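Report on one structure; see the data block that follows.
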Amino acid sequence: MIKKHIPNTLTCCNLVSGCAATVFALGGQPGTALLFIVIGAVFDFFDGMSARLLGVSSPIGKELDSLADCVTFGVAPATMVFFHLGVADYPAWLEPLRAVLPFFAYVMAAFSALRLAKFNLDERQAMGFIGLPTPANALFWGSLLVGMGGVLESSPYMVFLVLALVLVCSFVMVSELPMFALKFKHWGWRGNELRYVFIASCVPLLAVFRLSAFAIIVAWYVVLSVYANNKDNKR
């Protein structure tokens, strides 16, 4: 039956997109790399949807999906950071580490793989996430490096911001922080307040900051999740 191969075919397209994104990232074309990450995300969305609609979900499909996501949303954005760290201005005293410091970016790829492995085994993430999803992390970095590249190149000391963000993002991906998903059980306000506030706030951010907005939106998503979690813990 042809239909049973459709989800896995889409997943493989996601994987190919991630490979292309990695190649363009290594070639110093972050904009094109980001484009292929977004294309991969589209394939990632439709492979799961098609598997559910066609009723052909399988254990191998789940494993293949994680492998593809690890490349597209782990290795590819980490490679974008790797290239940036390779060409960024460093303080003079840090120059001796230029040959090795860019490899620090792949710490994020390792944590992306760990987050995906945890997701496969965690049954708590049906209507939300525990930790930052890898596609959101990849979009954050793509938007940051493409849309705010000028800011990151404004000072040799901005390299420390990049390194710090690699650590922060790696931690948040595998953290136990509950994060809301844009899944609606109903369309009413009550119970969906956080989702509607988030969606409404994204519109002006996109209008003002355009491509850079995605990095801000992902950061805002994390902040809202922290707020909601603290609010629930105080009840």
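The values are calculated or read from the model by the stated rules, or taken from the named source; none is laboratory data. The structure presented is a predicted model; accordingly, all values stated were derived computationally and were not measured. All Cβ positions, glycine included, derive from the backbone under ideal geometry; neighbour counts span all protein chains shown. Surface accessibility is based on the protein's heavy atoms, side chains included, excluding ligands, DNA and RNA. Shrake-Rupley method; radii C 1.70, N 1.55, O 1.52, S 1.80 Å.
Quick notes on this one:
- Across the stretch 126-147, the number of residues qualifying as in contact (Cβ under 8 Å) with a residue 24 or more places away in the chain and farther than 13 Å from Val81 by Cα comes to 11.
- Selection status of Ser201, open to solvent by 70 Å² or more (accessible area, probe 1.4 Å), over 17 Å from the mean Cα position of the chain (by Cα) and small (Gly, Ala, Ser): no
- Every test in (1) over 24 Å from Leu132 (Cα atoms); (2) free of Cβ contacts under 8 Å to residues at least 12 places away in the same chain; (3) aromatic (Phe, Trp, Tyr) is passed by Phe24 save one, and that test is (2).
- Per-region count, the stretch 121-160, residues assigned to a helix (DSSP H, G or I) and surrounded by fewer than 13 Cβ atoms within 10 Å (Cβ to Cβ): 3
- Residue in the stretch 15-48 that is most open to solvent (accessible area, probe 1.4 Å), counting only those that are more than 19 Å from Ser143 (Cα to Cα) and at pLDDT 95 or above: Val16
- Residue within the stretch 85-105 that is open to solvent by less than 60 Å² (accessible area, probe 1.4 Å) and closer than 30 Å to Lys231 by Cβ present: no
- Count of residues meeting criterion [in a helix (DSSP H, G or I) and closer than 17 Å to Ala25 by Cα] in the stretch 80-100: 8
- Within the stretch 209-226, the set of residues being surrounded by fewer than 12 Cβ atoms within 10 Å (Cβ to Cβ) and modelled with pLDDT under 90 comprises Arg210 only.
- Criterion violated by Gly55 - all others in (1) open to solvent by 10 Å² or more (accessible area, probe 1.4 Å); (2) modelled with pLDDT of 95 or more satisfied: (2)
- For Pro77, the criteria (1) part of a helix (DSSP H, G or I); (2) open to solvent by 60 Å² or more (accessible area, probe 1.4 Å) hold in every case but one, which is (2).
- Meets criteria (of a type in the set (Asp, Glu), more than 18 Å from Pro77 (Cβ to Cβ), touching a strand residue (DSSP E or B) at 6+ places or on another chain (Cβ under 8 Å) and in a loop (DSSP other than H, G, I, E, B)) for Glu176: yes
- When residues of the stretch 1-11 are limited to those that are closer than 16 Å to Met49 by Cβ and surrounded by fewer than 17 Cβ atoms within 10 Å (Cβ to Cβ), the one modelled with the highest pLDDT: Thr9
- Among residues that are of a type in the set (S, T, N, Q) and buried (at least 17 other Cβ atoms within 10 Å of the Cβ), Ser112 is included.
- Residues that are closer than 14 Å to Gly128 by Cβ and open to solvent by 80 Å² or more (accessible area, probe 1.4 Å) were ranked within the stretch 161-196; the one that is farthest from the chain's Cα centre (by Cα) is Lys185.
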